[in-house]
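Taking it in order: structure first as structure tokens, then the write-up.
The values are calculated or read from the model by the stated rules, or taken from the named source; none is laboratory data. Fair warning: this is a prediction, and the values are worked out from it, not measured in the lab. Methodologically, a virtual Cβ is constructed for each residue, glycine included, from the backbone with ideal geometry; neighbour enumeration extends over all protein chains shown. When the accessible area is computed, the model is the full protein with side chains, heavy atoms only, and any ligands, DNA or RNA have been set aside. Shrake-Rupley method; radii C 1.70, N 1.55, O 1.52, S 1.80 Å.
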Amino acid sequence: MSEHEQEIQHMIDPSVPTLSPLETLRHSAAHVMADAIKRLWPDARLAFGPHTEDGFYYDIDVEHRLGPEDFAAIEAEMAKIVAAKAPFVRQEIARDAAISLFEGMGEGLKVEAIAAIPAGATLTLYRSGDFVDLCRGPHVRHTGEVKAFKVMSIAGAYWRGDEKRPMLQRVYGTAFASKQELKEHLERLEEAKRRDHRKLGKELELFFFDPIAPASPFFTGKGATIYNLLQAYVRGLYRRYGYDEVITPQIFDMDLFRQSGHYEHYKENMFACSIDEREFGVKPMNCPGHCVLFRHARRSYRELPLRVADFGRLHRYERAGVTHGLTRVRTFCQDDAHVFCTPDQVEAEIGAVTGMILECYRTFAFDDVEIEVSTRPASFLGELETWERAERALMAALDQQGLRYTINAGDGAFYGPKIDFKVRDALRRSWQLGTVQLDFQLPQRFDLEFVAADDGRGRPVMIHRAMLGSLERFFGVYLEHVAGKLPTWLAPVQVAILPITDRQHPWAEEVASALRSAGVRAEIDLRSEKLGAKIRAATLQRVPYMLVLGDKESEARSVAARTRDGATGATESLAEFVARLASEATIPS
């Protein structure tokens, strides 16, 4: 359902939603901005303008092409509306009367939205001065309470989410209770621009995109080093938590996805092809293939739980308008795994999975983790009773561990409820990474069985599990979290060796050889550049350690380590440096 469709549905609900004070302020600011734009461009037609996590937007159809050069004029007009302190007045109105009202105002988009609401419904309007809008509210008392605001950006949005309908101009803004809070928010946004993983990826020469493969990243040698190290860390967890890593095909007969239900629910997001007069699909997820793997052999209850992990390449068709750097791509892999267990083992396995996920996040210094339980969506497979049993099992497992969580009603996968793990990065932004999904449906659809203790037939329960999620997306999120300053174990170059003159080249080669023999990723800068330029280059590349080698170090066969933050350590022997670096440079276990 598109955002516009959701707004139309909201109009049918007579209840006033519960919003936080900040959400209410931002919702009111959206009205103020729309009022200002209508005053500046009277031909503008309004769609909808909800609050968002960081501000608000309003979708508008106007002939004038809005741009950053218009922001000052919009803000100035908003300031006049705020100064007027016009009360927000709520008014109930019958559906047909609302249609007549907005037809008279020339608001064709509003008329169309209202016409989609059943006849006889009662709607609500909010008036502030001469401005009137279709809205459930709530709002602040008057426009004067919208004090700290800013118009942020312009984007496009199709009316009612339909590519065949008009493209509207989506004007984004933000608002806060005080100018100081607004100032701090804008400073965080500037820092976010500096940390943008797309910018860092280019500067650090980690990855790039090319039109020849839309929304599909190319990783350079340095980028691939990081990518492979992430996998190596996860593989270490697999060994400790009892997972078998498997490899499954990339392309399957589409009948597999018909059996799993993905053909019905997910086909528009899949890449399909025809081979030998058969329809095939490039896999968008691993779970159907893992079901084939499970049923390949006769299974006993003694083999369960069976934990299988797969770094297989996945492909999903994402529309060009929603792809974004590494965080929304068309080809990726997940640290994906599935646990096949008996119903009696579910809570213990959920507990083990949750423990592994939280350990993983601690390794990457994501210390603020929010847990959500997402329940049955409107479109789902299976019986209601089975869903309720699955939801109770998830919550019981979390309760048993004493973990706090919230309920995200209706946001489960079509085959089962799930637990989502959200982390906050260094800029306090929330990212959903890990997920644990409990599935009673796929084992039934694939007729998966095991031999029970009484020699009868048992049906396994399937747990879908990811920790980092998409490695591409995690790569981007984590790069921004640490502003490109990767921990030593994950840095593609861990030590930069910087000889001051040609005389130190032999010692530099010896140092590099010793470090590489110890498994340290070291590079020598043999360019005929001044030392300052070499230090600057290594610092910009966020290399954790630099070894500046002059005559003193060469003669004493010693090193002096400098960090990327500019701190210089004492002179020490090469052996001492390597020993000190050993644990820091090694993949955490």
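Here are the numbers for this structure:
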quantity	calculated
Whole-angstrom gap from the stretch 425-464 to the stretch 126-141, using each part's C-alpha centre	47 Å
Cα shape, the stretch 75-140, gyration tensor, a/c 1.5 rule	prolate
Positive-end residue, the chain charge dipole about Cα centroid, Cβ charges, pick of Leu200, Met356, Leu403	Leu200
The stretch 266-272 - phi-based ³J(HN,Hα) in whole Hz, Karplus 6.51/-1.76/1.60, Gly and Pro as x	9, 4, 5, 9, 9, 8, 10
Rounded Å value of the spacing that divides the Cα centres of the stretch 174-196 and the stretch 19-46	20 Å
Accessible area (Å², 1.4 Å probe, nearest 10) - His505	40 Å²
Cα-based convex hull volume of the stretch 162-237 per residue, rounded to whole Å³	225 Å³
Percentage of interatomic Cα-Cα distances in the stretch 338-378 larger than 13 Å	65 percent
Relative pair counts by distance (%), Cα atoms of the stretch 262-406, 5 Å bins	2, 7, 12, 14, 19, 20, 15, 8, 3, 1, 0
Met546, Met167, Met285, reordered so the largest accessible area comes first (probe 1.4 Å)	Met167, Met285, Met546
Only Lys, Arg (+1) and Asp, Glu (-1) charged, at Cβ; the chain dipole about Cα centre in debye	1140 debye
The stretch 290-330-the stretch 355-369 distance, computed between alpha-carbon centres (Å)	22 Å
Two-site FRET efficiency, Ile587 against Asp565, from Cβ-Cβ distance with R₀ of 22 Å, rounded to 0.05	0.45
Inter-probe distance in nm under a simple model that places probes 7 Å from Cα toward Cβ, at Lys147 and Glu187	1.9 nm
Angle between the chain longest axis and helix 505-517 axis [Cα atoms, degrees, rounded to 10]	70 degrees
Quotient of C-alpha Rg and 2.2 N^0.38 Å, computed over the stretch 20-169	1.01
Cα shape, the stretch 120-210, gyration tensor, a/c 1.5 rule	oblate
Too-long pairs where the Cα-Cα distance tops 20 Å, listed order kept, from Lys85/Lys150; Lys183/Lys485; Lys80/Lys110	Lys183/Lys485; Lys80/Lys110
Under Karplus coefficients 6.51, -1.76 and 1.60, residue-wise ³J(HN,Hα) of the stretch 33-44 in Hz, glycine/proline x	5, 4, 4, 4, 5, 5, 5, 7, 10, x, 7, 5
Per residue value of the accessible surface for the stretch 305-387 (all protein chains in place, 1.4 Å probe), Å²	39 Å²
Protection proxy ranking, peptides 87-93, 508-514, average beta carbon neighbours within 10 Å, highest first	508-514, 87-93
Helix 574-585 vs. the chain, principal-axis angle (Cα, 0 to 90°, nearest 10)	30 degrees
Leu40-Asp368 FRET efficiency (beta carbon distance; Förster radius 41 Å; 0.05 resolution)	0.50
Cβ crowding within 10 Å averaged over residues, with 520-528, 495-503, 117-125 ranked highest first	495-503, 520-528, 117-125
Sites Glu318 and Thr220, calculated FRET efficiency, Cβ-Cβ separation with R0 22 Å, nearest 0.05	0.45
Exposure rank, largest accessible area first [Thr174, Thr406; 1.4 Å]	Thr406, Thr174
Dipole-positive endmost among Pro118, Leu40, Leu19 within the chain (Cβ charges, Cα centre)	Leu40
By accessible area with a 1.4 Å probe, ligands and nucleic acids excluded, highest first: order of Thr363, Thr435	Thr363, Thr435
Dipole moment magnitude, nearest 20 debye, the stretch 28-81 about Cα centre, only Lys, Arg, Asp, Glu C-beta charged	220 debye
